């Protein structure tokens, strides 16, 4: 009984108690750093986007890169784990993109919490266009057991990080209005998934950028803040490129 429960939890499947258990994989593990592991992940991503998680078999993935079924199990352990690895790599990239933007905006002298929050949010949304295949992979809801729990954990982390940016912003909330901060960030966080899906469905980058600009404007109006409080006077740059700011 104990061994069966442990196996269920390891694979991210519902336990015997009926509770959803969280998926887990170490992206830094040495087996995932090989060229073979990268090739398997690329093949899996293409198939998950095209066919969905349920309809894609392990042999579908390995045949696409002319490898044995055992090679996938050696590197990832399961089809579920390779799906999770693809999504976590995307999520890490998105978080790094938003974090780098916020740090650069701060370095340019911006201290207003809302401007920092919206700059990071816009960077994240634009990243959904660049990684639109992964967004589409998740959008149809055909995901492994335990994936929803992992996404909720990520959302909770996002809530905490952005609440810290907005807390104490004199232009947005009273200094001790913790509930106001939580409500604002929760609304934006809940909307992010839907906006990312819409961005990924855009026909061109120009359309995606316009959609993101409209979303940022809606978020700013939701906070009831005049536009001049979140529009920068100049655009700081990272690696020679202008940082994304609310337009």
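Values quoted throughout were computed directly from the atomic coordinates according to the rules given, and no laboratory measurement underlies them. Because the structure is predicted, anything quoted here is derived from the model rather than measured. Cβ: placed from backbone, ideal geometry, glycine included. Neighbour counts: every protein chain shown.
Placing R0 at 45 angstrom, the Cβ-Cβ distance between residue 111 and residue 69 gives a FRET efficiency of 0.25 after rounding to 0.05. The length gained by stretching the chain between residue 157 and residue 54 to full extension, at 0.36 nm per residue less their Cα-Cα distance, is 34.2 nm. Compute the Cα gyration tensor for the stretch 13-138, then decide on rounded, prolate or oblate, letting a ≥ b ≥ c be the square roots of its eigenvalues: rounded whenever a/c is under 1.5, prolate when a/b is larger than b/c in the other cases, and oblate in all that remain. Cα axes put the stretch 13-138 in the prolate bin.
Rounded if a/c is under 1.5, else prolate if a/b is larger than b/c, else oblate: which is the stretch 65-148, with a ≥ b ≥ c the root eigenvalues of its Cα gyration tensor? Prolate is the answer for the stretch 65-148, as a/c is 1.5 or above and a/b outweighs b/c.
If the segment from residue 183 to residue 149 were pulled out straight at 0.36 nm per residue, it would be longer than the present Cα-Cα gap by 10.1 nm. In terms of surrounding Cβ atoms within a 10 Å radius of their Cβ, 206, 198 rank from fewest to most as 206, 198.
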